[in-house]
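Novice: Have a look at this one.
The values are calculated or read from the model by the stated rules, or taken from the named source; none is laboratory data. No experiment lies behind these values; they were computed from the predicted model shown. Note that we place each Cβ from the backbone using ideal geometry, even for glycine, and neighbour counts take in every protein chain shown.
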Amino acid sequence: MRVVHDPSVGWISDSWVQEVEPGRATFSVLRIPLDYAVSYRPGTRFGPQALVAALNELSLYCTDKRVSLADARFLDLGEVDVVHSLEETHRNVARAAASAPPGTSPIFLGGDHSITDPIVRGLMERSSERKIGLVVFDAHLDSREPVSGKEHSGNWMHTLGDVVDYDAVAQLGIGSYLYSEEYMQRAESSGVMVWTPYEIRKAGWPQVLERVVDHVTGAADCVYVSVDIDCVDQAFAPGTSASNPSGFLPYEVIDAAFELSASVDVAGFDLVEVSPPLDRLESTVRVGASIVLNHVAGVVARRARLEQRAESPTEEVV
Ligand SMILES: [Mn+2]
């Protein structure tokens, strides 16, 4: 069945462009259909196309935050070339991230979580003068030691340690009964700020996000945001390789994506681990698409606030 859109609403599907339009908030979108670095069940190679299809069913208005995305444009950078060698594929990812057009805010649609390592390296090359911190939403620490010949998506946080300062990293959503005490201690003693869903609910989201932003921006100039959809509870996001009970509710991550991007300079954003073959009623991919758009809405809101401040510098804009 073909959905007929009311043209007066304004849809994401009408906002995909081939060139940067001056004056517009433009997001460069790169699709990375990779799934053979996944640690458990494959299928994320179908994530990017499903996410784009889900995005195309959405309008350009964020009702929750009353933010219009009418001026947002999505520069389609296409798909990264995924080849049999993971090393070569990662090189392609890094190259593509490094060449995201200046002035655009890059969004990466995965794909398994192994892509975050080469993306961050590529973005560091793209703007080498700025130090990048990380805010990661994930049920997993992804800090395992790489095992030769068994490279998988569970060690990118470990491998990024040679270029990222862990004092500028926060991981939100780590699940219970997935790691030993030693893993948590190692993460926290290396400088990473770790929050479990339970701890966040006890402390309150606004307070936690404030502390996360303080932590990360205290040691970095800008922030890369990575969202592994398995941070969302398996009741809402079953379509992922390693789904989890006791994860976040969808709206918690959807809202946090907005609040973060509205308050800090985001160097790039990824949404990974959506696996359509494991999904049910497209619920996982729709949660993922909403998270992506709330990130977009946050960037648009921050940009509008900065422009307003530039126009009336004497006024205090909160
Ligand atoms: Mn994960």
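Novice: Quick one: which residue in Gly78, Gly23 is closer than 25 Å to Ser127 by Cβ and at pLDDT below 90? Steps first, answer last, please.
Specialist: On the way: Gly78 fails: at pLDDT below 90.
Result of the check over Gly78, Gly23: Gly23.
Here is a yes/no grid of residues against (1) among the polar types (S, T, N, Q); (2) in a helix (DSSP H, G or I); (3) more than 16 Å from the ligand (Cβ to nearest atom):
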{"site": "Ala235", "(1), (2), (3)": "no, no, yes"}
{"site": "Ser241", "(1), (2), (3)": "yes, no, no"}
{"site": "Ser246", "(1), (2), (3)": "yes, no, no"}
{"site": "Pro277", "(1), (2), (3)": "no, yes, yes"}
{"site": "Gly288", "(1), (2), (3)": "no, yes, no"}
{"site": "His295", "(1), (2), (3)": "no, yes, yes"}
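Novice: Follow-up. Have a look at Ser105, Ser85, Ser148 and point out the one that is within 14 Å of Leu30 (Cα to Cα), out of contact with any His (no Cβ under 8 Å at 6 or more places or on another chain) and not β-branched (Val, Ile, Thr).
Specialist: Ser105
Novice: Could you check region 136-176 and list, in sequence order, the residues that are farther than 21 Å from Gly122 by Cβ, of a type outside the set (A, V, I, L, M), more than 12 Å from the ligand (Cβ to nearest atom) and assigned to a loop (DSSP other than H, G, I, E, B)?
Specialist: Within region 136-176, Glu145, Ser148, Gly149, Lys150, Ser176 meet the criteria.
Novice: Take the conditions surrounded by 15 or more Cβ atoms within 10 Å (Cβ to Cβ) and closer than 23 Å to Pro245 by Cα and apply them to Leu141. Does it pass?
Specialist: Taking the combined requirement at face value, the residue satisfies it.
Novice: Let me ask something else. Of these, Arg24, Arg45, Arg95, which one is touching an Asp or Glu at 6+ places or on another chain (Cβ under 6 Å), free of Cβ contacts under 8 Å to residues at least 60 places away in the same chain and surrounded by fewer than 22 Cβ atoms within 10 Å (Cβ to Cβ)?
Specialist: None of the other options fit; the residue is Arg24.
Novice: Just name the residue that is nearest to the ligand (Cβ to nearest atom) out of those in region 177-187 that are at negative phi and assigned to a loop (DSSP other than H, G, I, E, B). So that I can check it myself, show each step before the final result.
Specialist: Here is the first cut: in region 177-187, the residues at negative phi are 178-187.
From the residues that got through so far, the ones that are assigned to a loop (DSSP other than H, G, I, E, B) too are 178-180.
On the way: Leu178: 9, Tyr179: 12, Ser180: 17 Å.
Selected residue: Leu178.
Novice: Is it the case that Ser143 is under 25 Å from Pro250 (Cα atoms) and modelled with pLDDT under 95?
Specialist: Considered against the rule, which asks whether it is under 25 Å from Pro250 (Cα atoms) and modelled with pLDDT under 95, Ser143 comes out as yes.
Novice: Which residue pairs have Cβ atoms under 7 Å apart, sit 6 or more places apart or on different chains, and have a first residue in region 273-297 that is more than 15 Å from Asp233 (Cβ to Cβ) and surrounded by 24 or more Cβ atoms within 10 Å (Cβ to Cβ) and a second that is of a type outside the set (Gly, Ala, Ser) and at pLDDT below 95?
Specialist: That search, which allows pairs on different chains as well, returns Ser275/Arg41.
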